[in-house]
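This report concerns only the one structure given below.
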Amino acid sequence: MNEERESEFRRPPARPEFSVAPLRPHTEPAGPTPALRIALWAWAAVAVVLVGIAAVVALEYDDVRAALAVSVQDAGAGATSSEVADTVTATLLGSGAVALVLLLLAALGLSMAAAKRVASGILLLVVGLATVGACVLFWSFMSDAGSIASGVLQWGPLVGAGFAAIASVASGIGMARK
């Protein structure tokens, strides 16, 4: 009976106290990475180039439409004048819409990168490659309107494609280092 009482009153031994401390403290980098800075500057340059191209198209709208109409008419010999006009309008509006969407997606990707989101690098890489393709496609559309405004419509899209390529490479490097 004494044994029963002793086992009832026996308390388990005290657990030892322990703590786990990291070998080195975790520090967050103070600012954006060099890859993010390069991507930011490259996207800013792409935006400036695209706004410049849009300004040239807006200021020289009639000349641009006429040059594109001649190009479309030559490509589609049996096209009516209304079909040519519709094609030119669709080309200009579509190009502007694509440029706007790509710039908005790039801004989203840059804001995600500033928040250190993993998906930001993938988004910026994809948007950069799409922007390179869109600039080259716009350059091919504007080949006949290249002499307008000192050739801005000829070399501007290629400059935009170059800056978009730089932004893509910077985004890819940023993804590789994560």
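Couple of notes before you dig in:
- Within segment 1-115, helices (runs of 4 or more DSSP H) holding 2 or more residues that are modelled with pLDDT under 85, open to solvent by 90 Å² or more (accessible area, probe 1.4 Å) and not aliphatic (A, V, I, L, M): 2-9
- Put simply, of A114, A107, A97 the only residue that is closer than 30 Å to L36 by Cα and within 12 Å of the chain's Cα centre (by Cα) is A107.
- Every pair of residues 6+ apart whose Cβ atoms lie under 6 Å, when the first sits in segment 132-149 and is more than 15 Å from V56 (Cα to Cα) while the second is of a type outside the set (S, T, Y) and open to solvent by 30 Å² or more (accessible area, probe 1.4 Å): V132/A165; A134/V98
- Condition check for V118: out of contact with any Phe, Trp or Tyr (no Cβ under 8 Å at 6 or more places or on another chain), surrounded by 14 or more Cβ atoms within 10 Å (Cβ to Cβ) and among the β-branched types (V, I, T): no
The values are calculated or read from the model by the stated rules, or taken from the named source; none is laboratory data. This is a predicted model, so every value here is computed, not measured. Cβ sites come from the backbone with ideal geometry, for glycine too, and all protein chains shown count toward neighbours. Surface areas here come from the heavy atoms of the whole protein model, side chains and all, with no ligands, DNA or RNA. Shrake-Rupley method; radii C 1.70, N 1.55, O 1.52, S 1.80 Å.
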